[in-house]
Amino acid sequence: MEDIDTGQKHHFPAVVGPLFRDSPTARRLLSVRAIHAEPAAAASPRGRQIIARFPDADIITVDSHWKIPALHGNEGNIDRWVRIKREVLVLGEKKTLTTRPNGRSADWIAPGPANGCAMACAYCYVPRRKGYANPITVFTNIERIIAHLSRQLARLGPKAEPNQCDPTAWVYDIGENSDCSVDALISDNVADLVRSFSRWPSAKASCATKFVNPDLLLLDPRGRTRVRFSVMPQEDSKLLDIRTSPVESRIAAAGDFLEAGYEVHFNLSPVVLRPGWERDWCLLLRHMDDVLPRPVKDQAAAEVIMLTHNEDLHDLNLGWHPRAEDVLWRPDLQQPKRSENGSWNVRYRNAVKAEAVERMRTLVTTHAPWLRIRYAF
């Protein structure tokens, strides 16, 4: 029990020279002008750190990060969709700490350090959680999150049997409702988590990302954090991955992240069925095979995830990015299905999806045979 990390010490990376998060590129992604903050969150050490990073922002006191009428459920924000993501932050405390079993990408879904995203992918399910514009909410009580994870690991003990998540370590997804690479532009929450997992020999952190943040290379993950770069054909990304790093940049960063001590996997996600999709995935896989160094290939694995969409998100997108719905909303190919959280989504029909998954497996085997598919659905 003496090894339990209480999270009382904040773990900052030792840095020499300027950080990427202070660069013009980062400032273009996040040019914060308003911070909605719960009083306790604003007064916390992490909250004060974040407010100091954006000294020109107006501080607006709110009772709850979940209930901000100007943001959540406000239909009038549709035409300000991207602007809100760029200019607004929310600070709150995570009141309920739960760790849910997963079994696909990770063994467990950890209580994340943030909710929401500054990027604006047209297929993202996260905006549905709070309604309409969903800028980043940073949870400032990171020490409670770390202590919660540490206590659970102490109860679990070593992983007894290998599974598709990892042969020896309990894998925790720390970014289910946010992108940790972007979160790291705002605070040291992600650095604290990476540091904690580096000290836990029975566990690994895991996060998917569409953004290349070089500041993460300054940390010391010691092989205990898995970064999953999400990739898709450039034609899809240009239309759907709004405000993200170019796909080629994500692929090019893989070698640097591996050298810095991360485990590097890939998400082939989402697979969007439209004319020419097989040809373009073929080109992408060939590009990965051409440019990725052998050490990356030797340890890489992938998840193949077919598109899941939602009628409410479809209606919302029609208000700010209708062109995306030309490929995302395909009633001729899709069927309704209730998700694990009880909401109704639309997914490709069973036969269509099964055929596409098998085709993706064949494309990977043919053009990137080194890329082990951990699961496909």
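Between Rg and the Kirkwood Rh of segment 326-371, both from Cα atoms, what is the Rg to Rh ratio?
Looking at segment 326-371, the ratio lands at 1.12.
Hydrophobic, long helices, defined as DSSP H runs whose alpha-carbon span along the helix axis is 18 Å or greater and whose mean Kyte-Doolittle value is at least -1.0, occur in the chain at 142-156, 247-259, 277-291, 350-367. Of all DSSP-defined beta bridges confined to segment 20-165, some 25% are antiparallel rather than parallel. Beta bridges per DSSP, both residues in segment 213-353: antiparallel share near 40 percent. Working from label points 7 Å from Cα in the Cα-to-Cβ sense, the D56 to R28 distance is 1.7 nm. Using a probe radius of 1.4 angstrom, the carbon and sulfur fraction of the accessible surface of the chain is 52%. Taking 7 Å steps out from each Cα toward its Cβ at L97 and A252 produces label points 4.0 nm apart.
Counted residue by residue at 0.36 nm each, then reduced by the alpha carbon distance between them, the extension gain from E358 to A43 reaches 108.2 nm.
Using a Förster distance of 45 Å, how high is the FRET efficiency between Q299 and R83, based on the Cβ-Cβ distance and rounded to 0.05? The value I calculate is 0.65. For the chain, what Kirkwood radius comes out of the mean inverse Cα-Cα distance, in Å? Kirkwood hydrodynamic radius for the chain: 21.3 Å. A straight Cα-to-Cα reach below 27 Å connects K85 with the lysines K67, K94, K95, K130, K210, K238, residues fewer than 8 places away in its own chain not being considered. Antiparallel DSSP bridges in the chain: what percent, to the nearest 5? Of those bridges, close to 25 percent are antiparallel. Cross-link reach is defined here as a Cα-Cα straight distance under 16 Å, omitting same-chain residues fewer than 8 places apart; for K159 the lysines meeting it are K204. The Cα center of segment 283-306 and the Cα center of segment 153-198 differ in position by 22 Å.
Averaged per residue, the chain has 43 square angstrom of accessible surface, using a 1.4 angstrom probe with ligands and nucleic acids left out. List the residues of segment 302-327 whose backbone N lies under 14 Å from a point placed 7 Å from the Cα of K337 along the Cα-to-Cβ direction. Backbone N within reach: 304-310. When cysteine pairs in the chain are screened for C-beta atoms closer than 4.7 angstrom, the residues that find no partner are C117, C165, C282.
The values are calculated or read from the model by the stated rules, or taken from the named source; none is laboratory data. This structure is a prediction, so every number in the text was calculated from the model and none was measured. Please note: Cβ atoms are built from the backbone with ideal geometry, for glycine as well, and neighbour counts cover all protein chains shown. Please note that ligands, DNA and RNA were not included when accessible areas were found on the heavy atoms of the full protein model with its side chains. Shrake-Rupley method; radii C 1.70, N 1.55, O 1.52, S 1.80 Å.
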